[in-house]
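Below: the structure, in structure tokens.
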Amino acid sequence: MEEMTAYPHIEPSNFDLIIVGTGLPESILAAASSAAGKAVLQLDPNSSYGTHYASLPLQDFITFLQSQSSSTLQVPQTDDGSGNYVCVPLITRPLYSSLEINSYSSEPLDNSRKFSLDLTGPRVLLCSDAYD
């Protein structure tokens, strides 16, 4: 009997390009490579799409900030000696260099799901309604 794993088997199992992240630059690169006939695997370690370009509800935003306070992770470069592939080091760095999280209320906000906070800060307002 086959043992069940936490992750489903991915077919194909060989890729021309593996992209980490689902932000705009990563998605454009994945789409262009796929359109050129390359086998592409796009992964995102975050629980939401958009990498650093995401907008998150308040509770998800706080969880994201807490995960950013962890240390930098660097995976060492490895090579099997066959020359069949190029392996580059994966270095993950937090989005913010200095972070302090303060909470002024232990009770959840009633309307916290009615708005989202943008990870990259203020942007152009995109809507068809008048802005007062």
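The values are calculated or read from the model by the stated rules, or taken from the named source; none is laboratory data. Predicted model, so just to flag it, every value in this text is computed and none were measured. Cβ atoms come from the backbone with ideal geometry, glycine included; neighbour counts cover every protein chain shown.
Quick check on the stretch 26-64: of everything there that is within 21 Å of Tyr96 (Cα to Cα) and in a strand (DSSP E or B), which residue is farthest from the chain's Cα centre (by Cα)?
Pro57
Consider only pairs whose beta carbons are under 6 Å apart and that are at least six residues apart or on different chains; among these, list those whose first residue lies in the stretch 39-55 and is over 17 Å from Tyr7 (Cβ atoms) and whose second residue is in a loop (DSSP other than H, G, I, E, B) and among the acidic types (Asp, Glu).
Taking only residues 6 or more apart or on different chains, the pairs are Ala39/Asp16.
Assuming Ser112 fulfils every condition listed in (1) at pLDDT below 70; (2) surrounded by 10 or more Cβ atoms within 10 Å (Cβ to Cβ); (3) not hydrophobic (A, V, I, L, M, F, W, C) apart from one, which condition is it?
Only one criterion in (1) at pLDDT below 70; (2) surrounded by 10 or more Cβ atoms within 10 Å (Cβ to Cβ); (3) not hydrophobic (A, V, I, L, M, F, W, C) is unmet by Ser112, namely (1).
It is to be established whether one or more residues within the stretch 88-100 are modelled with pLDDT under 70 and loosely packed, with under 10 Cβ neighbours inside 10 Å.
no
Go through (1) modelled with pLDDT under 80; (2) farther than 26 Å from Gly121 by Cα; (3) in contact with a helix residue (DSSP H, G or I) (Cβ under 9 Å, 6 or more places away or on another chain) for Thr5 and report which single condition fails.
The single condition Thr5 does not satisfy is (3).
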